[in-house]
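Here's the structure, in structure tokens; my notes come after.
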Amino acid sequence: MKKRVLTLAVIAAMLSSPVLSATTINGFASIKAGMTTSSDEKLFNYTDQLNFKNESLLAVQVKSELGDKLSVTAQIMGRGSNDFKATFEWAFVSYQLNDESFINAGRLRIPFYKYSDFRDVGYAYDWLRVPQSVYGLSFNNIEGISYYYTSQIGSIDSNVQLLAGSYDGDVILSGSPASAQINNVLGATWELSYDGYSMRTAYLKGKATVTSANLQPLFNVLTTNRLQPLVAALDFNEDPSSFIGLGFNVDRDDWVIAAEFNKIDVDQTFFAERTNYYLSVGKRFGAFTPFISAEKEDHKAKASIYAPYQTLLPAALLRPVIGVVQSQQIDAVSYNAGLRYDFHSSAALKMQYTSREDQLLDQRAGLLTIGIDLVF
């Protein structure tokens, strides 16, 4: 309900604007097709059947200047994975405080990553998709407010963002849909840039509550057996969550190097302690940019949750508890090789091969994808 009210408020502000001549419309699109290299493999929702919808999308962004330093922005997107049904990704009001700072309020992109603001704008980076091992959280937006401050420290550009808000929507937990409320979200990012080099750090925290229909029966059984402390150690009920991110980029002399690292945890839950990172290197040769990258996912299951109960619980209760906790364990590495070809001033053709190895299950999946990213 809060999302609908915010969206309607932004639309009303745009429609009532007396300065329609100051309204700008632009957009971006991706048309992508991919398939895995074997019939028994699945990766990023691709199988060995050629799929044109999975990562394709179309978006339009409308910005209207209302005068007196006030503007309103909305981004409407249709994803192929959702049958191109149009939804509001962003909808916010901006106020320019001065030349160095402004405030946004409404539905905002949460700044977990270096490419958070334009992770869907494939034209903005060389890969066919952002590194999935690092960009793996299943929600991107919050309802809230953010403050931006840009300045210079000597010859170094400095950009600071502070934000506060909440999230109320769907997430993926242990591979299944769940409902989440993340309240009291507070965060800060700081990026320094100089002569083609940039460094970024991010820290966010909140209180997470997640409800999963798949897990509730187990929690009910444990509660019936007077194991409320075990339930409290497993479930998500206003539990502290944290995100720490670091990033480094180089873009000079036709070399493009990017690296990001993040660490994620939700205390007092079975959510694994996640450590993720990647390193990517590319080289421009005119309109062509070949690149290679490596990604790592290291998600450590919290065996300490069930360890005290291993000699106390009957197997019928212990097995599902261990299964839930261990479902979070991931130890995987991915390698990518690809090529970007800027055949047009507003469009790029991309090809990418990804090989992902699950080192816990000793399984490998290969994925070949080709697509066009464009802006307009």
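Observations, loosely collected:
- Nearest-ten-degree value, helix 2-15 long axis tilted from longest Cα axis of the chain: 10 degrees
- Distance in nm between pseudo-label sites at Phe84 and Lys283 (7 Å out along the Cβ direction from Cα): 4.0 nm
- A Förster radius of 45 Å combined with the Cβ-Cβ distance from Phe52 to Asn98 puts the calculated FRET efficiency at roughly 0.45.
- Hydrodynamic radius (Kirkwood) for the chain, which is based on Cα pairs only, to one decimal in Å: 22.7 Å
- The trypsin sites (Lys or Arg not before Pro) of region 61-147 that DSSP puts in a loop, and whose beta carbon has at most 10 other beta carbons within 10 Å, are Lys85.
- In this rough spin-label picture, where each label sits 7 Å from Cα along the Cβ direction, the Lys69-Asp195 distance is 3.5 nm.
- Note on region 75-210: Rg/Rh from C-alpha atoms, Kirkwood Rh, equals 0.98.
- FRET efficiency estimate (nearest 0.05) - Cβ-Cβ, Thr23 to Arg364, R0 56 angstrom: 0.65
- To the nearest ten degrees, helix 315-326 and the longest principal axis of the Cα atoms of the chain are 20 degrees apart.
- Mean separation of Cα contacts under 8 Å (6+ apart) over length of the chain, as relative contact order %: 14 percent
- Note on Gln228/Asp331: beta-carbon distance plugged into 1/(1 + (r/R0)^6) with R0 of 35 Å gives a FRET efficiency of 0.65.
- Net length gained if the chain between Ala307 and Ile76 were fully extended (0.36 nm per residue, minus Cα distance): 78.4 nm
Read-outs throughout are calculated quantities, based only on the coordinates presented, and are distinct from any laboratory measurement. All of these numbers come straight from a predicted model, not from anything done at the bench. Here the Cβ is made from the backbone with ideal geometry for all residues, glycine too, and neighbour counts use every protein chain on show.
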